[in-house]
1. Name every residue in the stretch A:200-213 that is touching a residue at least 12 places away in the same chain (Cβ under 8 Å), out of contact with any Gly (no Cβ under 8 Å at 6 or more places or on another chain) and over 15 Å from A:Arg305 (Cβ atoms), in order of residue number.
2. How many of the residues in the stretch B:122-146 are buried (at least 17 other Cβ atoms within 10 Å of the Cβ) and either in contact (Cβ under 8 Å) with a residue 60 or more places away in the chain or more than 13 Å from chain C (Cβ to nearest Cβ) (or both)?
3. Kindly establish whether A:Glu300 is open to solvent by 50 Å² or more (accessible area, probe 1.4 Å), in contact with a Leu (Cβ under 9 Å, 6 or more places away or on another chain) and farther than 30 Å from C:Phe186 by Cβ.
4. Can you give me the ranges of the helices (runs of 4 or more DSSP H) entirely in the stretch A:236-328 with at least 2 residues that are touching a strand residue (DSSP E or B) at 6+ places or on another chain (Cβ under 9 Å) and charged (D, E, K, R)?
5. Would you be able to tell me the number of residues in the stretch D:60-73 that are under 24 Å from C:Ser144 (Cβ atoms) and open to solvent by 10 Å² or more (accessible area, probe 1.4 Å)?
6. Which ones in the stretch C:186-210 are open to solvent by less than 10 Å² (accessible area, probe 1.4 Å), of a type in the set (Gly, Ala, Ser) and assigned to a helix (DSSP H, G or I)?
7. Examine the stretch A:192-210 for a residue that is of a type in the set (Ser, Thr, Tyr) and open to solvent by 30 Å² or more (accessible area, probe 1.4 Å), and state whether such a residue exists.
8. Please determine whether any residue of the stretch D:123-133 is within 27 Å of B:Glu156 (Cα to Cα), within 14 Å of chain C (Cβ to nearest Cβ), crowded, with 16+ Cβ neighbours inside 10 Å and not aliphatic (A, V, I, L, M).
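The values are calculated or read from the model by the stated rules, or taken from the named source; none is laboratory data. Computed from a prediction, not measured in an experiment: that's the story for all the values here. So basically every Cβ, Gly included, is an ideal-geometry build from the backbone, and we count neighbours across all protein chains shown. Accessible surface areas use protein heavy atoms only, side chains included; no ligands, DNA or RNA. Shrake-Rupley method; radii C 1.70, N 1.55, O 1.52, S 1.80 Å.
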Amino acid sequence: MTLFGACRIMAELSIRILIPIFEFQEGLFPPFSNPAGWFADWLATDGGLDTMAWFYAVNIALMVGMTNLILVIHLERKIAARIQDRRGPMLSFRSLREVGEDLSGNAPSWKFKENYSGIGILQNVADGIKAFTKELIIPTKADRFLFTMGPIIFISSSVFLLALFPLSDRFAASSAPAGLMVIMAAFSIAPIGILTSGWASNNKYSMIGGMRSAAQLMSYEIPLLLSMAGVFLVAGSFDPVTIVEQQRESTWLFGLPMWNIIPQFIGFVVFMVCILAEVERVPFDLPEAEAELVEGWTTEYSGIRFMFFLMAEYIRGFAGAAVATILFLGGWAGPWPVPPEIWFLIKVYLIIIFWIFIRWSVPRIRTDQILVLGWKKLLPLSLINILIVIFMVEIYPYFTAIVNLPEVF
Amino acid sequence: MEIKELMQELSAFKGVSNASMIRDNVVKLDIDKNSSKEFFTKLRDDFGFEHCSLITAIDNQPEFELVYHFTSINKSVTVGSTDMSVMTEVHVFLERDTPTIESISDLWGGANWHEREAFDLMGIYFVGHPDLRRVLLPEGFAGHPLRKDYVYEIHEEEW
Amino acid sequence: MAEMWISMGPQHPMTHGLWTLKVKVDGETITDADPELGYLHRSVEKMGERRKYFMNTTLPDRLCYASSTTWTHCYVLTVEELMNVEIPERAKYVRTIMLELQRLASHLMWAGSYMPDLGHITGALYFWRDRELFLNLLEVPSGSRLLYNYIRIGGVKRDLPDGFVEKAERVMKLFEQRLDEYSDLFENSKIFRMRTEDVGKFTAAQAQNLGITGPNMRGCGTKFDLRRNDPYEIYEEIDWDIQTREAGPGYGDCFSRYMVRIDEMKESMRIIRDCFKKMPKGPTLASTIPVRAQGEAFRRTEDSRGEALMYIVGDGTDRPYRWKIKSPMFTTISAAPHYLKGYKVADIPAIMGSVDICIGETDK
Amino acid sequence: MSEKSELGIMDIFVNPMKVTMKQFFKSTFGKPATVMYPLEKRDPPPTYRGMNAIIWDLCIGCGICAEVCPNRCLKMKPVELSDEEHDRAWYGSHLAKRKHKPERPAINFGHCMFCGFCEDYCPTGAMTMTDFYEMADTSREGLIYPARTMKVDLEDLPQLPLTNYMMESPVLDIDPCIGCSKCVDNCPTNCIIMDVGPHDKTLKSGKLRNVENPYFDYTLCIGCSVCVKVCPADCLHMEPTSNSSLSGLTTEESPTEA
């Protein structure tokens, strides 16, 4: 059963409760025709049921994504701490307990653990509370409308991403034939938000950060899409499900599945570098280089707006890793006893852990170097990758048919 | 060049008086204010003192005293066969009413801020300095606090 | 983008202290710079005129919180020259050991604060973790972790306690292993090289004329170290070499300055080991210490950042008449426009971090 | 140097990640370097300069600590001594009794920089620095410690000789002395005695009278210069001492082996 099928059943169950409620409301004002009644009628139709089901599916995808977001943030903090010979967040429970003591005036009766260790994930809750309760500052000379719109564009385009990629062929909130194209389109909305907030802050650091970000994202979109083009050529589709099925079906030596990472290794490397730049993590986080530009385009933001930027970056990181998994690592393909959704998440988390290690091992590179890398190295490499794929998909089978070569690909 | 020769040559210069060696590698001398610029140019170009270590202004009440320390880094002047680097300590005396002297910031780039500091804290005017502003104290600060006649309040907290 | 002035500081992650660097940028290229000081001015020279000579040893401690012992030592050396105090032989060795430990701690502090400038937080924590080792060592005889007030006029406050030598040997062995490990993280890391090589270059002649001394000058190939060229304490008798960066692509740039400091740390450990070997027994403080002084004296020492020079005039009372401090960073910051022009905005932290700025001693 | 060419494209992350991976496993399966501060604390060394404590039984109220304090965060405050405290006073208890108002130091830790001069220059060893360092407070007033809060009582008191760490002693300029004996009253170590002077002196009233002058026992003098401060006729001044029995600042008795 697919996610959508489950949601459909949930929708059918829920309209049995909802329709009597709306009909009761309609019955309150009998002389007039009432929108509640129209709504009840619409819910009973096929389209109404589908809409309800979509509503459930998207919410489930969002919940999964947000849970993953918290996990990724905690993972990043813990791994960073271990790399740096620290402990990372450990005692958040203790501080919550102290808050309890302060509020009630006496010590709370509950006690979790004597040494308070191992519950540092609550640090995310504490951070969330902090961000929500902080003052929202808008600089006097900032453009108020654009200043508020910047984070909204950035976070909404990022959350939108969460609904777009499937965790498996049955667990998908959306399954568009052009799925990956939609994902990449959603990815490239973000520069608008960045530029907007960078310009609207009326701050030189923000403006330079915004400009850098725009330049970086624009120059990395092209090799990114070109490296994806190889996969699309092989699979003949933009649909994530088709791409993963193609990878699962094609086999290699000893019947091992040939995921796209093997024939298209160059494409994989280019894609990984580009997606790192696209989600703006170290070593490509120079739009918000804290050493020279304070925080880049987020300098003037505070409170929940700043939190939105941070969250959106992690969501984009998660989405980027998911796209890399679908394209090159065989998606949810894996041996039987583990469910495919878990396989997918394992692969995604492996990529994220690799990124975390990169992030805490290397310094940040410079603007001119990043552009040189993008235009002079990655663009030719991605073109070479496409040439290889064309040779593989079109030319080699052609000769195979004539000369009776062994079928390698 | 040996440091003894350096001292002889320096003491022969116009306006130099009281040349002496206060340590093995330090020559100390007084120079007349008017011939100071020529002397410093010669010190840099002919004797190879390529580093201006420090410019100190002292309020000797009533007159001001400027103490220049120059270092020879590339060992154009030697002390025997040792590795010691030679320093020259130059004293210049200025009147209290018109504490002006020619700037040496065109000879030594490092002297630029030392002169600004002497102007800032002691009120010595360096003629020909490209950018004679206050450096440590804020713009618009009144007076030169390292002068001995600067009046200030000592704030002692009562507790 | 048209040319514009960007103000970096006084509250800015790049500045490591309170100062302002105004840079004029054309796009991302720096066309002019104007450093400004004075945000941390505490009038140490004027304060010194109100305190007695021995009380003043606490003030140079606070000149640079990263390397406080070297500054106290420079002051004490000058006062001893002024008062003609002979200090015992063992005190000289103890001082040298403390100075080199402090140099290690200071260089580690620099390395630790340089890495976040390049966006490398892990490096910062590694170096600061190792700095803790040396702070623990410095803490044992002096009783304090940051501002030691250990070197006194006429010697040192107290002798090295029992077990200090073994502890120091252990720490140095561990640190040498870690330094080897770090070479992979920094020198052999491509991105670290990309950020630091061919950036912030100046030649030896420029450095000497602009007053840039210390490791920054040795990074351009000048073989000049006051521990050798104007020896104090017992550096003459100790077996060590001046570390310079002679030729090659890393010549006078940020990477060469980084390498010079790493090599100096290794050299410092060599000096400490030699001191442990040669250290005699005896008292560590002169029996009589004068209180009043007349005349004038100056001494220069090799601070961790360059040439530290103090000039003191005494008028016969127990307080200095004029106390002048030369900070190496004062002139190095003044030369900032010379070595910033032509590089990118992203290079500013890389360059200004590599010269090891300490605003405490600069603003006095 | 050819180091530049040695690095390949893989060195972007391979070399650094070797180090970070190693450290990751080391600190995951070992103990990280962090000290979880409020739960566990590191031990300061015995020489640690923390919060001050004053052994009142040893304190003679000479005020040298207030004199040498570079920040002037230490002031001598008059206190009332109980009879028991009078009896316990090991050093010169008779002086403490004789003095009209005994004084003990009070410290404003808001200004203190823990330089340790008060401990080093204390002639009796009454001023000590403990290894206590958690003294943060929410108000500035909370950091002002009155004289009595600094008091500690020790069972076995260290028996130290009086030492002149100030390297100076008072010298009498005999002509202006009026023989008021204020210096004797205020001397904390009782090292001054009044005796008949060498010659007579004309008073304001025109009478010729023999004036008693102070004489100093320099082996007991601690150089606190209290006598100089209280002298109404300005006839005392401090001079560098030539007393060879006075040792320097050595607080450690035995130098350790190299």
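1. The answer is A:Asn202, and nothing else.
2. Qualifying residue count, the stretch B:122-146: 6.
3. Working: open to solvent by 50 Å² or more (accessible area, probe 1.4 Å): yes; in contact with a Leu (Cβ under 9 Å, 6 or more places away or on another chain): no; farther than 30 Å from C:Phe186 by Cβ: yes.
It is false that A:Glu300 is open to solvent by 50 Å² or more (accessible area, probe 1.4 Å), in contact with a Leu (Cβ under 9 Å, 6 or more places away or on another chain) and farther than 30 Å from C:Phe186 by Cβ.
4. Working: elements: A:240-249, A:265-278, A:303-328.
Helices (runs of 4 or more DSSP H) meeting the threshold: A:240-249.
5. Going residue by residue through the stretch D:60-73, those that are under 24 Å from C:Ser144 (Cβ atoms) are D:64-73.
With the extra rule that they be open to solvent by 10 Å² or more (accessible area, probe 1.4 Å), the set shrinks to D:65-67, D:69, D:71-72.
Residues meeting the conditions: 6.
6. Residue satisfying the conditions is C:Ala207 alone.
7. Keep residues of the stretch A:192-210 that are of a type in the set (Ser, Thr, Tyr), which gives A:196-197, A:201, A:205-206.
Imposing the further condition that a residue be open to solvent by 30 Å² or more (accessible area, probe 1.4 Å) reduces the set to A:205.
Yes: the stretch A:192-210 contains one or more residues that are of a type in the set (Ser, Thr, Tyr) and open to solvent by 30 Å² or more (accessible area, probe 1.4 Å).
8. yes
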